[in-house]
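The structure under discussion appears below in the form of structure tokens.
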Amino acid sequence: MSRLSAVDAFFVAYQEAACIPMVLGAEVRLAGVVARPELERALTCALGVWPVLGCQLRRAVLGLRWRPRFAAADLVTEGPLTPEGPTSLAGWRNRPIDPFSAPPFQVRWAVEAGHTVLAFKAHHAALDGQAIFMVASAVLRFLAADRGGQPVPKVATPLAARVLVAPRRLLAGARLRDLLRFAKWLKVEARLGRSARLALADVAPGPSGVSARQVPMAPLLAQAQALKISPASLAAAAWMRAIGRFNADRGGAKGPISLEIPVSFRRAREGATTPGNLISPLTVFGDPEAPLAILGPTLHGTLTDALSRKLHHAVPLLAWPGAWLPWGIFRRIAVTPASTGFATSHFTLVDTPGAVVAEVAALSGGALALVGIEVWSPVCLAMGAAVLAVPWEGQLRLSITHRLNGISGADAQVLLDHLAAELA
């Protein structure tokens, strides 16, 4: 059995305390019919690489542990593609996962008019945003190889997550004084509440919706290169400005916008296939009224400095002992304003692992084609909306996951209009 890190366990505690599903996922549409036995064979391959996907949480004397429980068939739910109701994709997406009784990774399977829709979702305690793309992409490759009569694609053996975020590694190259100061700053900012809140109709638990837009990567990359900043910094600055414009149009809060931006501990040669939450947030502030040509480089400089000082190591390092607390105690002390995110919003840019579209077509001998994708993320209670950006086939797919009682679908489209305009 594998013990959860304090960061993994936090997402279990937060879901219980806030009554918000801590689930994230991706939905794909395939041209071609995938039979359920084919899907189960692909998931069996995935369980062989990542056993945690078929585990159940157990309350140990100290902390939480995963224990093997579920087979591939237990991970699959099937149902028609109804537009509304509990059998709809949206209804399934909004259904929480109780990791104490259900598998932390689940797949919804539906076939319609010669197409197959596969929706993947995972509890945040088991996978982070990068990891669910890693697992979903592997399942698609396993499926395609099975259909094409090809050998099962190899996946590098995952490292233990605890190795990658062990205290000695988190302290390597970092100054403890800097990490302690950053942790103190987070607590102070959570108390001061300087972040301008997104103009929400309501701040309460409720179902979420997903609104998406694609923008061409070429002009975005050219703009980032001209400003000598990363595309992620440019997109994050554009999201700050979009929130500022949205709030101004609605008479919402003015002032600095802050974003919680997760940084991954995964590297191409180390931990690239490791499950769990190998992320830690950096919270950055910006002036949404500043021109993008000023805000982008300013934000980039702040992020670059924080990364060079390894400030994102602070949270997992200081939270490390929490993994050994009895669950009842951990649950009471883990959920605080500082830990639940005091920022205005959440921004994540992830990479899709490899050329998935081309590989699915090649491995299946043309029998399957990946023709559509949708992505979504959890939304913290106070934020109301979060952006997940994914490079996809020459486009940057911008997905806003938003709680419908706070931001309607129409309002989310307005936010996307502002965001896309900034990146144009």
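Using only alpha carbon positions, build the gyration tensor of the range 240-330, then give the equivalent ellipsoid semi-axes as the square roots of 5 times its eigenvalues, largest first, whole angstrom.
Computed over the range 240-330, the values are 32, 19, 12 Å.
Within 10 Å of each candidate Cβ there may be at most 14 other Cβ atoms; applying that plus a DSSP loop requirement, which trypsin sites (Lys or Arg not before Pro) in the range 224-276 survive?
Details: sites: Lys228, Arg241, Arg245, Arg250, Lys254, Arg266, Arg267, Arg269; in loops: Lys228, Arg250, Lys254, Arg266, Arg269.
Passing sites in the range 224-276 are Lys228, Arg250, Lys254, Arg269.
Using the Karplus curve 6.51 cos²θ - 1.76 cosθ + 1.60 with θ = phi - 60°, what ³J(HN,Hα) values do you get for each residue of the range 366-377, in whole Hz, with x for Gly and Pro?
x, 6, 10, 9, 7, 10, x, 8, 9, 10, 7, 9
Measuring from a point 7 Å past the Cα of Thr302 along Cα-to-C-beta, which residues in the range 389-410 have an amide N at less than 14 Å?
Taking a point 7 Å out along Cα→Cβ of Thr302, no residue of the range 389-410 has its backbone N under 14 Å.
Once fully extended, how much extra length lies between Ile329 and Glu270, figured as 0.36 nm per residue of separation less the alpha-carbon to alpha-carbon distance?
17.9 nm
Please report the antiparallel percentage of the DSSP beta bridges confined to the range 267-424, to the nearest 5.
Of the beta bridges lying entirely in the range 267-424, close to 70 percent run antiparallel.
The chain: Rg/Rh from Cα coordinates, Kirkwood Rh?
Rounded to two decimals, Rg/Rh equals 0.95.
Can you list the residues, at least 5 places off or on another chain, whose amide H is less than 5 Å from the amide H of Gly271, using H built in the peptide plane?
Leu159
Cut-off is 10 Å between beta-carbons; in what order do Arg309, Arg168 appear when sorted fewest neighbours first?
Result, fewest neighbours first: Arg168, Arg309.
If you take every DSSP beta bridge whose two residues both sit in the chain, what share of them, in percent to the nearest 5, is antiparallel?
Given both bridge residues lie in the chain, the antiparallel proportion sits at roughly 85 percent.
Lysines within cross-link reach of Lys228: Cα-Cα under 22 Å, excluding same-chain residues under 8 positions apart?
List returned: Lys310.
Enumerate by residue number the GluC sites (Glu not before Pro) in the range 284-387 meeting two conditions: DSSP loop (anything except H, G, I, E, B), and at most 16 other Cβ atoms within 10 Å of the site's Cβ.
Glu289
Please rank His115, His124, fewest neighbouring Cβ atoms within 10 Å first, as an exposure proxy.
Taking fewest neighbouring Cβ atoms as first place, the list is His115, His124.
Gln395's amide H: which non-local residues (gap 5+, or another chain) put their own amide H closer than 5 Å, with H modeled 1.01 Å from N in plane and none for Pro or chain starts?
Met217
Would you pull out the residues with amide H under 5 Å of His115's amide H, same chain only if 5 or more places away, H placed 1.01 Å from N?
Result for His115 returns Gly32.
Rounded to the nearest 0.05, what FRET efficiency do Thr157 and Arg36 have when you use their Cβ-Cβ distance and R0 = 25 Å? Don't jump to the answer; show the numbers that get you there.
Numbers: r = 28 Å, r/R0 = 1.14.
Efficiency at R0 = 25 Å is approximately 0.30.
Could you give the length gained by full extension between Leu180 and Arg65, i.e. 0.36 nm per residue of separation minus their alpha carbon distance, to one decimal place? All intermediate terms of the calculation are to be shown ahead of the outcome.
On the way: separation 115, 0.36 × 115 = 41.40 nm, distance 2.86 nm.
Gain in length upon complete extension: 38.5 nm.
As a footprinting exposure proxy, order Met240, Met217, Met134 by other Cβ within 10 Å, with the fewest listed first.
The fewest-first ordering by Cβ neighbours comes to Met217, Met134, Met240.
Which whole-Hz ³J(HN,Hα) couplings does the range 396-405 yield from phi under the Karplus relation 6.51 cos²θ - 1.76 cosθ + 1.60, θ = phi - 60°, glycine and proline marked x?
Along the range 396-405, the couplings run 9, 8, 9, 10, 9, 8, 9, 6, 5, 7 Hz.
Say each of Ala222 and Ala201 gets a label point 7 Å from the Cα, pointing the same way as Cα to Cβ; how far apart are those two points in nm?
Reported label-point gap for Ala222 and Ala201 is 4.0 nm.
Quick note: the coordinates plus some simple rules give every number you see, no bench work behind them. This is a predicted model, so every value here is computed, not measured. We place every Cβ from the backbone using ideal geometry, glycine too, and count neighbours over all the protein chains shown.
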